[in-house]
1. Which residue out of 35, 77 is farther than 18 Å from residue 98 by Cα and either under 16 Å from the mean Cα position of the chain (by Cα) or modelled with pLDDT of 95 or more (or both)?
2. Of all residues in segment 7-32, count the ones that are in a strand (DSSP E or B), under 14 Å from the mean Cα position of the chain (by Cα) and surrounded by fewer than 12 Cβ atoms within 10 Å (Cβ to Cβ).
3. Out of segment 86-105, which residues are more than 16 Å from residue 34 (Cβ to Cβ), modelled with pLDDT of 70 or more and loosely packed, with under 14 Cβ neighbours inside 10 Å?
4. Got at least one residue in segment 106-123 being buried (at least 17 other Cβ atoms within 10 Å of the Cβ) and either modelled with pLDDT under 90 or touching a helix residue (DSSP H, G or I) at 6+ places or on another chain (Cβ under 8 Å) (or both)?
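The values are calculated or read from the model by the stated rules, or taken from the named source; none is laboratory data. Bear in mind that the values here come from a model prediction, so they are computed numbers and not experimental data. Cβ atoms come from the backbone with ideal geometry, glycine included; neighbour counts cover every protein chain shown.
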């Protein structure tokens, strides 16, 4: 029997988050709400040729997060310098969020949208940059 589109779980590729503390920009504005997209194979591989990662492998997480975070408050651009400027609690939060949405341990949970009731699977997991 073939599944119809209505029978298949929806694939979400972007997930909203709220930082515990927030990023304070040079103008003094605090940015807490953001969005992260699922990582691609290219996202996982391209930091490996980044000179900053080659010189300091611990920098991998910074570069990787700068690639997959698509929005943070009203910032026009998210790059490694923004991720470097996060407080440790926010950086840890984003690393855990990355692991969870990218299903790095293979477990998923089914949740329902509180507004419309649509059910979809969200990944839960661990392993930032360890695919």
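1. Working: 35 fails: farther than 18 Å from residue 98 by Cα.
When all the criteria are applied, what remains is 77.
2. Residues meeting the conditions: 2.
3. Matches in segment 86-105: 88 only.
4. So far as segment 106-123 goes, yes, one or more of its residues are buried (at least 17 other Cβ atoms within 10 Å of the Cβ) and either modelled with pLDDT under 90 or touching a helix residue (DSSP H, G or I) at 6+ places or on another chain (Cβ under 8 Å) (or both).
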